[in-house]
Amino acid sequence: MDLVKSGDTIGFIGLGIMGKPMSENLIKAGFNLLVHNRTRTRADEILEMGAQWRDSPIQLARECDVLVTMLSDSLAVRDVVLGEKGISKGISKGGVVIDMSTISPKATMEISEKLGELNVSLIDAPVSGGVAGARQGSLSIMVGGDEDVFQLVVPALEAMGSDITYMGGSGSGQKTKLVNQIMVAVNQNGVAEALVFAEKAGLDPNKVIEACKGGGAGSFQLQNQGPRMIEGDYSPGFMVKHMEKDLGLVSETSEDIISPLPFTSLASQFYRALMAEGKSEYGTQAIHSVIRRLNSIEPN
């Protein structure tokens, strides 16, 4: 396969809260896009931009040498890639699947092996940056797979992200994403706890953010999610159910590599508490509400 460039045709599967703006950025970058999604109505806006609909992954694969998947979990990726009407049944030798979902590193390596038997490459390229990053084309993309193949698809990745890092062989991108989620979850819990402590101590939480953001406590979570926590704005940029799923993958992988993760394990329980409350589609910053209740503070 040659270097991917503007004007080439790419298949895109998965037009959810992240996939839709990512696919829009591919069109804006000049790529011809063929799309598929489990629910067709979610494709309406991208079709208006010039994308073309196909009824199944296999149909996309018959027309594209490069396909991008942005799906919910390992089972969904396995089905779309290896299922009866999956990509593997239609893609030509030398083709590339770029999986930008966050899934199990073990599943990634298994799927990569299966595709390799067909002389097809899998690049695992999970992302960080949330909906805002997806809309702005500024996602951080963590890449695993064959480095030579990665170099061929860089232009497509650059249409969706601004910070693209090759991490190593198959599964390395997914492992890096799990590292990212550990840091996000533990930091987010710490920010929420600190702001509740400040409130209970009689401080103005907004002034606390101003006082701390430029020092050693400064972080993306403090500056971006802190104000939303204070306002009680729990609308999703990244949903609780997705974080809970990702931390489950962290737990699974930590067992495989025998890595104790005490802070991550505790942090995950707060997201699970939100799941139990039926708040799976709230933004992850809703962790603040759980800690408020633990402190006997009325909901804001």
> When Lys and Arg each count +1 and Asp and Glu each count -1, what net charge do the other residues less than 10 Å away from residue 134, Cβ to Cβ, add up to?
Replying inline: +1
> By accessible area of protein heavy atoms, probe 1.4 Å, what ranking do 91, 287 get, highest first?
Replying inline: 91, 287
>> Below 21 Å, Cα to Cα, which lysines can residue 89 reach? Residues fewer than 8 away in the same chain don't count.
In response: 114
> If we count every other residue with Cβ under 12 angstrom of residue 271's Cβ, Lys/Arg +1 and Asp/Glu -1, where does the sum land?
Replying inline: +1
> Once fully extended, how much extra length lies between residue 183 and residue 207, figured as 0.36 nm per residue of separation less the alpha-carbon to alpha-carbon distance?
Replying inline: 6.2 nm
> HN-Hα J couplings of the range 208-216 from phi, Karplus 6.51/-1.76/1.60, θ = phi - 60°, integer Hz, Gly and Pro as x?
Replying inline: 4, 4, 4, 6, 9, 5, x, x, x
> Considering the alpha-carbon set of the range 261-300 alone, what are its Rg and its Dmax in angstrom?
Replying inline: 10.4, 32
>> Within 11 Å, Cβ to Cβ, of residue 91, how many net charges do the neighbouring residues add up to if Lys/Arg are +1 and Asp/Glu are -1?
In response: +1
> Hey, rough spin-label estimate for residue 131 and residue 163, points 7 angstrom out along Cα→Cβ, what's it come to in nanometres?
Replying inline: 2.1 nm
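Determine, from the Cβ-Cβ distance of residue 89 and residue 53 and an R0 of 25 Å, the FRET efficiency 1/(1 + (r/R0)^6), rounded to the nearest 0.05.
0.85
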> Residues in the range 140-180 near a label at residue 82, defined as backbone nitrogen under 16 Å from the 7 Å Cα→Cβ point?
Replying inline: 170-171
> How many lysine pairs does the range 164-300 hold where the Cα atoms are under 18 Å apart and the two sit 8 or more places apart or on different chains?
Replying inline: 5
>> Under 8 Å for C-alpha pairs, at least 6 residues apart: give me the relative contact order for the range 11-84, rounded to a whole percent.
In response: 37 percent
>> Under 5 Å between amide hydrogens, which residues at least 5 positions from residue 9 or on another chain qualify, with H placed 1.01 Å from N in the peptide plane?
In response: 32
> Within the range 5-19, what residues put their amide N at less than 17 Å from the label point 7 Å along the Cα-to-Cβ vector of residue 32?
Replying inline: 5-12
>> Springs between alpha-carbon pairs under 10 angstrom, Gaussian network model over the chain: which of 123, 103, 209 fluctuates most?
In response: 209
> If you take the beta carbon distance between residue 149 and residue 297 as r and set R0 to 45 Å, what does 1/(1 + (r/R0)^6) give as a FRET efficiency, to the nearest 0.05?
Replying inline: 0.30
>> Compute a Gaussian network model of the chain, connecting alpha carbons closer than 10 Å, and tell me which residue from 20, 106, 213 fluctuates the most.
In response: 213
> Loop-only check: which GluC sites (Glu not before Pro) in the range 1-104 are DSSP coil with at most 13 other Cβ within 10 angstrom?
Replying inline: 84
> On average, how much area does the Cα convex hull of the range 208-300 cover when viewed from any direction, in nm²?
Replying inline: 6.9 nm²
> Using only the Cα atoms, what convex hull volume per residue in Å³ does the range 1-111 have?
Replying inline: 95 Å³
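The values are calculated or read from the model by the stated rules, or taken from the named source; none is laboratory data. It should be emphasised that the depicted structure is a prediction, and the values quoted were computed from it without experimental measurement. Neighbour counts run over all protein chains shown; Cβ positions are idealised from the backbone, glycine included. Accessible surface areas use protein heavy atoms only, side chains included; no ligands, DNA or RNA. Shrake-Rupley method; radii C 1.70, N 1.55, O 1.52, S 1.80 Å.
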